[in-house]
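Read-outs: derived from the displayed coordinates by stated rules, not from any lab. Since we're looking at a predicted model, the values are computed, not measured. As a convention, Cβ positions derive from the backbone with ideal geometry for all residues, glycine included, and neighbour counts pool all protein chains shown.
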Amino acid sequence: MNDQPLLALKQVEWRYEGGQKPALNNINLSLKPGEVVGLVGASGAGKTTLLLTMAGFIPDNYAGYFAGTRRISAEIGMVFQDPETQFIGLTVEEEIAFSLENKGYSDQAIEQRIEEVLRLVRLEGFAKRSPFELSGGEKQRVAIASALATSPQLLLLDEPTSELDPRGAREVFTLLRQLKQEHEMAIVVSSHATEELAQFCDRMLLVSAGSMIYDLPVRPFFAEVEGLARHGVLIPEMIRLYHWLREQGILQGDETSIPLSVEEMVRMYQEMGARAGVRT
Ligand SMILES: Nc1ncnc2c1ncn2[C@@H]1O[C@H](COP(=O)(O)OP(=O)(O)OP(=O)(O)O)[C@@H](O)[C@H]1O
Ligand SMILES: [Mg+2]
């Protein structure tokens, strides 16, 4: 992994035309290859605006006032919150082909790439289906396949699971985990599903009223329970239990040992029992 950032925002400010106040204030952010980042914040905090700015749709495709600098050195793919509103193809393969045609791929390369990305999102056999006649999770995976078609090094997803049932949400996070592990893709995902983010992300961002409140590695981020609660961020159950056990003096540990999953919690508890010479 080299250290050259894929994307750097410096002192970025953005005000939508007609907006009362800036939607982004003094944003400084740098993303490295392969980094997986979660973005949280209350409704209206600026998550979508920040993702649109990372992708370059702001300021290019929006009216407003932009200040600061945005440097990119990577192909970027973006998946919008409601993929259906983005679909233009009558079939899944047309949908995916669209971004490739824009980039000047040959017909043969397009055909091959469609097959590859459909395999990647586990939608083999869906090429001739209508993207509108799929389940929510399948639609989301078609949108991800389209974003992946041009082999981006950075994938941005805006609340990819907010419209999905638990099973659809799990499908999407399973796929993202696979992209992270097998393709070393950098990913930024906005979501309210902090339980999933805690297990999936290396780094977490919290925005509030257009400002960056926290930009921290995942464990120190979830150590900020009071700050997170103040900004309406749901603390995952496992992490609440850990903080409670510490307050009660039952567990020792600091922010570096915060458990991010049930498995980690169980291991921590067993180790504690082993140290104390008791059976757990
Ligand atoms: N096209 C627009 N024109 C004017 N103001 C906008 C526009 N889009 C968003 N805003 C404003 O910018 C601010 C940030 O909105 P944004 O959509 O980025 O929030 P969000 O964190 O994505 O919220 P949500 O969780 O509801 O999706 C809000 O005050 C919003 O009203
Ligand atoms: Mg949004």
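The table below gives the values:
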quantity: Value at 222 nm in deg cm²/dmol, rounded to 500, when DSSP H runs of n ≥ 4 in the chain each add -39,500 (n - 2.57); calculated: -12000 deg cm²/dmol
quantity: Net length gained if the chain between residue 88 and residue 181 were fully extended (0.36 nm per residue, minus Cα distance); calculated: 30.4 nm
quantity: Extension reserve of the residue 16-residue 98 stretch, reckoned as 0.36 nm per residue once the Cα distance is removed; calculated: 26.6 nm
quantity: In degrees, nearest ten, helix 262-276 long axis to first principal axis of the chain (Cα); calculated: 20
quantity: Cα gyration tensor category, rounded, prolate or oblate, for the range 87-152 with a/c compared to 1.5; calculated: prolate
quantity: Using alpha-carbon coordinates, inclination of helix 237-247 to the longest axis of the chain, degrees; calculated: 30
quantity: Where labels lie 7 Å past Cα in the beta-carbon direction, separation of residue 116 and residue 66 in nm; calculated: 2.9
quantity: Under 20 Å from the Cα of residue 139 - lysines, other chains or at least 8 residues apart; calculated: 128
quantity: Rough spin-label spacing in nm, given labels placed 7 Å along Cα→Cβ, for residue 163 and residue 30; calculated: 3.7
quantity: Dipole magnitude of the chain, debye to nearest 20 (Cβ charges: Lys/Arg +1, Asp/Glu -1, about Cα centre); calculated: 680
quantity: Simple label model, 7 Å out from Cα along Cβ direction - residue 132 to residue 271, nm; calculated: 5.4
quantity: DSSP bridge pairs, the chain: antiparallel proportion in percent, nearest 5; calculated: 55
quantity: Full-extension gain in nm, residue 124 to residue 43, via 0.36 nm per residue minus C-alpha separation; calculated: 25.6 nm
